[in-house]
There are 2 protein chains.
Amino acid sequence: MAYRLDEQIGYILRLANQRHASVFNKHSDLGLTPTQFAALVRIGEMGSCSQNLLGRRTAMDVATIKGVVTRLKAKGFIQLSADPGDKRRTVVSLSAQGQSVMDQLHDFGARVTEETLAPLSPDERKVFLDMLKRLT
Amino acid sequence: MAYRLDEQIGYILRLANQRHASVFNKHSDLGLTPTQFAALVRIGEMGSCSQNLLGRRTAMDVATIKGVVTRLKAKGFIQLSADPGDKRRTVVSLSAQGQSVMDQLHDFGARVTEETLAPLSPDERKVFLDMLKRLT
DNA sequence: GGATGTTTATTAGTGTACAAACGAATATGC
DNA sequence: GCATATTCGTTTGTACACTAATAAACATCC
């Protein structure tokens, strides 16, 4: 049987990612990208943490998380401070504005997931998410 | 129930993409990226086509396909020519080197797909790929 | 307490990915 | 046949994503 690009997992994953990004951007009203959204929600979950740890907990390398933190700071959603016990660290935490949009972010995220998974039935979504997680 | 980033389809898709890229790079010996690989295989499938059509058939916008074509050309895998019937078009086709590595590319792609899907059983892979395609 | 190694953050370079704007060439409608 | 619309390619700007190199701070071992 002939080799076909359209059957390659990497290619299909890329297409699925594109569709998700499209759904995300359609609903986004806070001017966030999917990556910025992930980092911001994670900060909400963790309370406050070093920039380095935030990168590890959101699967972004040091160069990527640096840029994301810079842009979230510029947009006013987070604040940065020095770690009194470790001069290497930059401590990242939510600003007042960041805290105030957290509920809105969760609603927004749920809507994006819902619409992205719309082609699948509720039972299928469960199975699909389980299998997708095993590929990470 | 609390909102959790680790359950969001967009976040998990990003992680799956990262793992695939890691598998791809581990096996890659021709110096290609996943995107360059996709474009090159597609050119092999189509014979020759305009840069614009190649972009549409690989889901890359005009700016992205431009860069990919530039790099594939620099690496010697493709050649560019003018379309005699339409002066707007740049015709893209495989170089002799590009043709000579096509079998190797297919073997390589099959190995990457195999290893990326390794956590799933053969039956699960079928189901998973079907569902993933519906999300594109 | 001093050499060694690790962690944290920054920077530079390369490669996707998309939006927007532009000019040139082609197609369509009337 | 001419105005209008569409297509094709390029460029600019922003945002991930990774590698590699660097420097400062911290930890550990002896």
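So the values come out like this:
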| quantity | calculated |
| --- | --- |
| Fraction of the pair-distance distribution of the range A:9-78 above 14 Å, Cα-Cα pairs, percent | 62 |
| Charge tally in the Cβ shell below 11 Å around residue A:49, where Lys, Arg are +1 and Asp, Glu are -1, residue A:49 excluded | +2 |
| The range B:87-126 - convex hull of alpha carbons, volume per residue in Å³ | 104 |
| Label geometry 7 Å along the beta-carbon vector: residue B:47 inter-copy distances in nm | 6.6 |
| Cα centroid separation, the range B:1-53 to the range B:64-122 (Å) | 13 |
| Calculated log₁₀ intensity ratio I(q)/I(0) where the Debye formula runs over C-alpha points of the protein assembly as shown, q = 0.08, 0.16 Å⁻¹ | -0.41, -1.22 |
| Sequence-separation-based contact order of the range B:39-82, relative, with Cα cut under 8 Å and 6+ spacing, percent | 34 |
| Quotient of C-alpha Rg and 2.2 N^0.38 Å, computed over the range B:17-136 | 1.16 |
| Local electrostatic count at residue A:109 - Lys and Arg +1, Asp and Glu -1, tallied over other residues with Cβ under 10 Å | -1 |
| Sum of side-chain charges, residue A:136 neighbourhood, beta-carbon under 13 Å (Lys, Arg +1; Asp, Glu -1) | +1 |
| Chain B residue with Cβ closest to the axis mapping B onto A, distance in whole Å | B:17, 3 |
| Long-range Cα-Cα pairs in the range A:66-136 (distance over 13 Å), rounded percent | 76 |
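Read-outs throughout are calculated quantities, based only on the coordinates presented, and are distinct from any laboratory measurement. This is a predicted model, so every value here is computed, not measured. Cβ sites come from the backbone with ideal geometry, for glycine too, and all protein chains shown count toward neighbours.
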